[in-house]
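Reading through the structure tokens given below for one structure.
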Amino acid sequence: MFELNAQSIAFIVFALFSLGGALGVVTTRNLIHATLYLILSLFGAAGFFVLLSAPFMAAVQVLVYIGAIAILIVFAVMLTRSMTRLSDIYNSQWLLSAIVAGLLFVLLLVGVILPVWGVNGTQAGREVSSIVTTTVDLGKALVDQNQYVLPFEVASLLLTAAMIGAIVVARDDKE
Amino acid sequence: MNDVCSINNLTQCLLDGGVSPDLANLLTILGGVVLVATVPLVTVIFLIWIERKIAARVQDRLGPNRVGPFGLLQSVADAVKMLTKEDITPMGADKFIYNLAPIIAFATVVLIWAIIPFTPLHIGADLSIGILYFVAVASIGTVKIMIAGWSSNNKYALLGAFRTIAQLLSYEVPLVLSLLIPVMIAGTLGMQDMVRAQGSMWFVFMAPVAAVMFFIANLAETGRAPFDLLEAESEIIAGYNIEYSGFKWGMFMAGEFMHAFTAALLAAVIFLGGWWGPFVEQVPALGFVYLGLKTAVVYIFGLILRSTVPRVRIDQLMALNWKWLVPISVANVLITALLLKVVDAIGLAPQSGDFFAHLPQTLVLLVGNLVLMFGVATVLRNRGRAQRLVDEAAHPVEHEDAPVVAGAVGH
Amino acid sequence: MVPLWMFLAVAAGVFCIGAYGVLSRRNAVAILMGVELMLNAVNINLIAFWRYVEPLNMAGQAFAAFVFVIAAAEAAVGLAIIISVYRSRRSVIVEDVDMLKW
């Protein structure tokens, strides 16, 4: 079932990046370190996209998330430094949220993922197709009038609105 | 094994030698990685020498000429000096990310070399998304500046890092927009396919405005003149890498020189036809020579520009980007997309691969670009004229050709 | 090929860790980082399903592209709001922003 070839080694490495980075984000006290762990986790996800034959998504992940959003988060951390050191980083219901998150993970894994796609699941016997579409097909799908041109235009409108909104909200009103 | 085991058939040689296919593939890839990553490291030494020589000649002096013939070993002497300097870590600095920043600085530049097609046969990794990979790696470069500025525990380093990141993020927009033009003309994102599409006509003739935009945006992205206020020694003393000394600073500097050379290399590949030249199909090794010559032309032009043009201020830099480069790039994308569709619709699209088949499309695109440049020049002239009139009304100019009549009463 | 459920398990793990981060941290920027982790996990899920179940239909990749767009827009506006709140209240701890509380 699980042979040790180049793909599985790459999967293990990227899974360690993703999960280790995510754990680092929620446990570290220093927010700059948390941002660096977030970059590590996003990098792991980009590796997953390459493994899943979606190189365009991987490049866009690095470009948008790591190159723009992570830098934005670092700027926000630096501009909102509090003068006093926080005594604790978790609020009063951290134990309850840990239990809820753990239960959610167990529920997802045992209740949904393994019964359907696991080794003995109902869809276990599917063959993975070796024909995948390319970036050209994605480009065509995004501007095809029968496919996704409308969400594409709405998304660009959303980005324009978000850009203007962010500039207006964060502007210094003293002038 | 009848033929010589060389780089070209390393995989086959390893397979013949009884190595398993996975391992043979891995060893070939590792060999390619070592080769492609060593060339920039060696080239940096030569680049520093040529930069100092050309800057010196422009300033009417000689440049390094003592160490080695023509001063070629000067960079080696500098490297030895940097290696023997004391390695200072500022107090209160975050040790892990303080040491990580120079490594990322050099690594993100060497990573770009993976997608550059040197000859028709040799390329590090023929990704289908080559150009997007270059943009993604260029945007990781901002991370290193942030962590270098932050971990130095120095507020001037932090301010320098803020300004550098503002400049880099702003100039990514015209960089990506001007890269859209060759992608539209070639119809592909892959680098080797894009070079092959330039077999009859280089893209610089089809899209000169895009080439100029790409060059200017790269000058700003790599922090070269005239956009080098962030490490201007006379102003804010090295900006975000104030606290770095010795070899770590050397890594930052080497990364910056390497980035400038890589940007020139990419301009040569994308706009100047890459490895195309006479007889390159028969003798693929000539591709190295042609690519090297084209890169040298672009790089030396950048060096002469560096020694000639004065530095821009930070507000002039931002105004130049958001008020001029971005609208021009967006207009360029619109005009080129429209003209390409028009050329396709009226049947002038190049069907075959020879020079004259590409000529109509080239002329149409060239006319479009000239119209755009004419429009920009007109706007600039009108604004300059209005500004000059405002300035002259405020400070009247002494006219030297007013006749001084002998004996006239002074007024 | 790695079986599909391993990709889904990793994505579920990242999602739950992000959910824990959102529910238990006090700093607003840290909560935003948890939200980004959750959106990232959703993207991994979408692309994994696209590849294994229906690789010829571009809906998977298009959906993931729109999730990118929304995550970027939300991060920009969210951080602008956090900076604006910091300017008036000098604090980004979410428990201190309680002016509308009864």
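What follows draws every value from the coordinates through simple rules; no lab data is involved. None of these values were measured; they are calculated from a predicted model.
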Problem - Cross-link pairs beyond the 31 Å C-alpha cut-off, checked among B:155/B:294; B:53/B:155; B:53/B:85 - result: B:155/B:294; B:53/B:155
Exercise for the section: Starting from the Cα gyration tensor of region A:43-113, multiply each eigenvalue by 5, take the square root, and state the resulting semi-axes largest first in whole Å. Expected result: 30, 27, 6
Handout entry: Calculated SAXS-style log₁₀ I(q)/I(0) at q = 0.10, 0.11, 0.15 Å⁻¹ - region B:85-312, Debye, Cα scatterers
Key = -0.48, -0.57, -0.97
Exercise for the section: Report, in order of residue number, the helices in chain B meeting two criteria: a C-alpha extent of 15 Å or more along the helix axis, and a mean Kyte-Doolittle hydropathy of at least 1.0; treat each whole DSSP H run as one helix. Expected result: B:21-58, B:95-112, B:130-151, B:155-186, B:208-221, B:247-270, B:286-308, B:326-345
Problem - Histogram of C-alpha separations across the protein assembly as shown, 20 Å bin width, % - result: 15, 47, 32, 6, 1, 0
Problem - D (Stokes-Einstein, µm²/s), Kirkwood Cα radius, region A:1-86, 0.890 mPa s at 25 °C - result: 175
Practice task
With N denoting the number of residues in region A:127-175, provide Rg(C-alpha) divided by 2.2 N^0.38 Å, to two decimal places.
Solution key: 1.91
Fill in the blank from the handout: One point scatterer per Cα, no solvent, Debye formula: log10 I(q)/I(0) for chain C at q = 0.15, 0.19, 0.21, 0.23 Å⁻¹ comes out as -0.71, -0.94, -1.05, -1.16
Handout entry: Coarse-grained scattering of region B:245-325 at q = 0.10, 0.23, 0.25 Å⁻¹, given as base-10 log I(q)/I(0) from a Debye sum over alpha-carbon atoms
Key = -0.39, -1.07, -1.10
Problem - Cα-Cα P(r), chain B, percent of pairs per 20 Å interval - result: 22, 50, 23, 4, 1, 0
Exercise for the section: Would you compute, from DSSP H runs of 4+ residues alone, the mean residue ellipticity of chain A at 222 nm, taking -39500 (n - 2.57) per run and dividing by the full residue count, rounded to the nearest 500? Expected result: -19500 deg cm²/dmol
Completion exercise
Per the helix-only model, chain B has a calculated mean residue ellipticity at 222 nm (DSSP H runs of ≥4, -39500 (n - 2.57) each, divided over all residues, rounded to the nearest 500) of -22000 deg cm²/dmol
Fill in the blank from the handout: From the Cα centre of region B:64-88 to that of region A:142-175, the distance in Å is 52
Practice task
Could you list the square roots of 5 times each eigenvalue of the Cα gyration tensor of chain A, that is, the equivalent ellipsoid semi-axes, sorted largest first and rounded to whole Å?
Solution key: 34, 28, 17
Practice task
Mind checking the full-extension length gain between residue B:279 and residue B:80? Use 0.36 nm per residue of separation minus the Cα-Cα distance, one decimal, nm.
Solution key: 67.4 nm
Handout entry: Relative contact order of region B:85-312, pairs being alpha-carbon contacts under 8 Å that are 6 or more residues apart, as %
Key = 27
